[in-house]
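The values are calculated or read from the model by the stated rules, or taken from the named source; none is laboratory data. Model, not experiment: these values are computed from the prediction. No Cβ is skipped: glycine too gets one built from the backbone with ideal geometry, and neighbour counts run over all protein chains shown. These area figures cover heavy atoms from the full protein model, side chains too; ligands, DNA and RNA do not enter into them. Shrake-Rupley method; radii C 1.70, N 1.55, O 1.52, S 1.80 Å.
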Amino acid sequence: YYLLTSSKMIWLIILFIPGLTSGDTCSCSTPNQYELLCCNPDNLGNIVRIDENDNRQKYIICPSTLLTQCQLLSSCSNVLVRNLNASSGYYDVNLSNGSVITVYCDMDGNNCDGEGGWIRVAQLNMSEPGATCPPGLTLQNYNNIDHSLCGRSSYGCNSTFFSTYGLNYTKVCGKVRGYQFGHIDAFGTGTNNIDSEYVDGISITYGSNPRQHIWTYAGGYSEFQNGGRNCPCNNGSSVVVPNFVGNDYYCESGPGQSRILYV
């Protein structure tokens with residue numbers, strides 16, 4: 001992913017991709033009861049009792065080490081299939097080239113669609129102690145907010161890159177929060193090129209040659225004006241959104257020009 005910023009300052013970015021897409025094949029078959037129980041790390045080395053419907057009890061002895069079929073997991077979705085009670089956290093997954101990476105899995109979907117199995121590919125929360133800006137973005141401080149922010153270093157676009165580990169995916173979800181400083185122009189920057197500063201705000205894209213648009217957060221000058229530097233949804237607005245953006249954007253009006261950070 002590429003994240004481009006203009007005069008809006010980034011405070012929080014969290015991006016997720018599904019752990020398994022419709023075009024992928026799972027590296028494991030549907031787990032049986034033994035695998036469901038013994039792929040749960042909490043059950044390793046323990047005897048698990050199962051109460052049957054006919055009032056009988058069954059016991060499963062789990063080994064002290066993780067089963068081989070539990071280890072061959074290619075996504076957070078695979079982890080969740082193997083352990084329906086898996087909690088959000090860090091897991092090792094196998095890539096198609098045989099390498100193993102550690103990823104954060106959102107197992108309850110609170111940041112997305114309410115369904116678990118999402119892989120987190122980016123997080124930037126400047127309110128956390130010791131948080132720093134990723135390469136390409138500049139640390140900035142303001143008097144009316146108690147933590148630093150990340151933003152552009154000069155006029156135009158600044159960008160940073162987040163890897164998706166070479167995984168295939170069809171959906172992206174996440175959160176972005178921005179703050180206004182100065183004069184914001186929404187889509188009225190005078191350019192209509194995805195590789196340029198086509199928006200005053202934050203743009204999330206992927207790939208290259210050509211770059212593909214995912215979603216844009218635009219900041220408009222005022223909700224009471226309809227000129228080219230305001231949001232397209234303003235009454236009487238004639239603002240034209242770039243074709244490559246389509247309807248995949250959110251535009252929010254600010255207080256006009258502000259020489260203090262607008263929070």
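Please verify whether E223 is in contact with a Gly (Cβ under 9 Å, 6 or more places away or on another chain) and in a strand (DSSP E or B), treating the condition exactly as stated.
no
Could you say which residue among Q33, Q71 is over 28 Å from P135 (Cβ atoms) and modelled with pLDDT under 75? Full working, then the answer.
On the way: Q33 fails: modelled with pLDDT under 75.
Residue meeting the stated conditions: Q71.
Name the pairs whose Cβ atoms lie under 7 Å apart, with the first residue in segment 38-50 and more than 10 Å from P63 (Cβ to Cβ), the second of a type in the set (V, I, T), and 6 or more positions between them or separate chains?
Partner pairs satisfying both residue conditions: I47/I61; V48/I60; I50/I60.
Looking for whichever is touching a residue at least 12 places away in the same chain (Cβ under 8 Å), on the phi > 0 side of the Ramachandran plot and open to solvent by 60 Å² or more (accessible area, probe 1.4 Å) here; the options are G190, G136, G166, G182. Which one fits?
On the way: G190 fails: touching a residue at least 12 places away in the same chain (Cβ under 8 Å); G136 fails: open to solvent by 60 Å² or more (accessible area, probe 1.4 Å); G182 fails: open to solvent by 60 Å² or more (accessible area, probe 1.4 Å).
The unique qualifying residue is G166.
I'm trying to understand the selection: among the residues of segment 207-219, which are modelled with pLDDT of 90 or more and either open to solvent by 40 Å² or more (accessible area, probe 1.4 Å) or farther than 12 Å from P242 by Cβ (or both)?
Selection gives Q212, I214, W215, Y217.
Hey, T25 hits all of (1) surrounded by fewer than 17 Cβ atoms within 10 Å (Cβ to Cβ); (2) at pLDDT 80 or above; (3) not small (G, A, S) but one; which does it fall short on?
Condition (2) is where T25 drops out.
Which residues, counting only those in segment 222-243, are open to solvent by less than 70 Å² (accessible area, probe 1.4 Å) and out of contact with any Pro (no Cβ under 9 Å at 6 or more places or on another chain)? Show your work before the answer.
Initial filter on segment 222-243 (open to solvent by less than 70 Å² (accessible area, probe 1.4 Å)): 222, 227-228, 230-232, 234, 236-237, 239, 241-242.
Listed by number, the residues that qualify are G227, G228, N230, C231, P232, N234, G236, S237, P242.
Could you identify the single residue in Y165, Y179, Y217, Y198 that is in a loop (DSSP other than H, G, I, E, B), among the aromatic types (F, W, Y) and within 27 Å of G228 (Cα to Cα)?
Numbers: Y165 fails: within 27 Å of G228 (Cα to Cα); Y179 fails: in a loop (DSSP other than H, G, I, E, B); Y217 fails: in a loop (DSSP other than H, G, I, E, B).
The conditions single out Y198.
Where in segment 31-119 are there strands (runs of 3 or more DSSP E), lying fully within it, with 3 or more residues that are over 18 Å from Y169 (Cβ atoms)? Steps first, answer last, please.
Details: elements: 47-51, 57-61, 89-94, 100-106.
Output list reads 47-51, 57-61, 89-94.
Given the condition within 27 Å of L36 (Cβ to Cβ) and not basic (K, R), answer yes or no: does some residue in segment 119-127 qualify?
Keep residues of segment 119-127 that are within 27 Å of L36 (Cβ to Cβ), which gives 119-120.
Now restrict to residues that are not basic (K, R): 119.
Within segment 119-127, one or more residues are within 27 Å of L36 (Cβ to Cβ) and not basic (K, R).
Going through segment 232-249 one residue at a time, which ones are modelled with pLDDT of 90 or more and either in a strand (DSSP E or B) or closer than 20 Å to S196 by Cβ (or both)?
Passing the criteria: P232, V241, P242, N243, F244, V245, G246, D248, Y249.
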